[in-house]
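These notes are about the structure you will find just below.
The values are calculated or read from the model by the stated rules, or taken from the named source; none is laboratory data. No experiment lies behind these values; they were computed from the predicted model shown. Glycine also receives a Cβ, built like all others from the backbone with ideal geometry; neighbour counts cover every protein chain displayed. SASA here: full protein model, heavy atoms, side chains in, ligands and nucleic acids out. Shrake-Rupley method; radii C 1.70, N 1.55, O 1.52, S 1.80 Å.
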Amino acid sequence: MFDNILFPVDFSPACAAMAAYVQRAAAIVGAKVSLLHVVDLTSLNSFELYTRPLPVITEEHFNFCRERLDSFLTAEFPISQSPRILSSGDAAAEIAQTARDGRFDLIIMPTHSGYFRQMLLGSTTAKVINDADCPVLTSRHAETIAPRPIDHREWLCSIGLSSNSERVLRFASQAAASAQARLTIIHAIQSRDPDLPIKLDIQTPDPDQIDSLERNEARLRIAELQQKVGSQASVRIAIGSVKEALIEAARQSDADVLMIGRSPRSGAHGRMRDLTYSMVRDSPYPVLSI
């Protein structure tokens, strides 16, 4: 499923820390990695612009970035095996367009530590998740510490019961199979009382018969979806605030990746919804946005 991975880099410590993770992920799925750097022409020195022609300064800036890109992470990604791509413009737009034009199967991006989690809206990573056609893997990690390698191969897939759920589950099932990972489905039911504690994997009859009915209907619907896509994943049902219930279910699972669905449409409506933002921001694991 993943033949070509795009790894956008900005030469930050977060990117350097992410390199081993990307390298191992590519090895597991048998993919080639290409590094992309988007030149920020808005950072050009205003004094230079006043004293020298813009084309000259731009060419020098491009040459400097080209040399830096060609020498970045060469131990992990030799140039002979991992092409380097240099472009300019809005970073998020260029990343999404490069992935589209190059027919990349996956984008892997660091989230630049806690600041990204607090300022997700409007960030480059958030825009890429919204605009990119292909899946995007983002990872929670400290500025200089890579996430845990994905060798453990326990993968989670969060699904609702919308018309988009079959697409998400089909992709998740195939992706987990390609990585030889065990897949678990998690589904959250909105509790009618937000003050009640989150309930996970309830098997006995619930005093709230409405929750019991919804839980049974959800299991039947998920079973139908699994039959359609040929999946035999285990299922966890959580009841509570949807976001908090999903996060709690994820925390209690020793997983490598949490897969979540995006809207298949970009544009004015956007692929990301409030729940998607919350999951990417707060998930204890790397999130693969499908």
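For Arg148, state whether it is at pLDDT 90 or above, out of contact with any helix residue (DSSP H, G or I) (no Cβ under 8 Å at 6 or more places or on another chain) and open to solvent by 20 Å² or more (accessible area, probe 1.4 Å). So Arg148 fails the test. Condition check for Asp206 on (1) modelled with pLDDT of 85 or more; (2) of a type outside the set (Phe, Trp, Tyr); (3) in a loop (DSSP other than H, G, I, E, B): one failure, at (1). Selection of the range 223-250 for residues being part of a helix (DSSP H, G or I), of a type in the set (Val, Ile, Thr) and modelled with pLDDT of 90 or more yields only Val229.
Checking Leu213, Leu220, Leu196 one by one, the residue that is surrounded by fewer than 16 Cβ atoms within 10 Å (Cβ to Cβ), farther than 21 Å from Met109 by Cβ, at pLDDT 90 or above and not polar (S, T, N, Q) is Leu220 and no other. Based on what the data block shows, is Val22 of a type outside the set (Ser, Thr, Tyr) and over 22 Å from Asp256 (Cα atoms)? Spelling it out, it is not the case that Val22 is of a type outside the set (Ser, Thr, Tyr) and over 22 Å from Asp256 (Cα atoms). The condition of being of a type in the set (Ser, Thr, Tyr), farther than 20 Å from Glu166 by Cα and either in a loop (DSSP other than H, G, I, E, B) or at pLDDT 80 or above (or both) holds for only one of Ser263, Ser278, Ser253, that being Ser253.
When you check Ile108 against the structure, is it outside any loop (DSSP other than H, G, I, E, B), at pLDDT 90 or above and closer than 28 Å to Ile85 by Cβ, yes or no? Judged against the criteria, Ile108 is a match.
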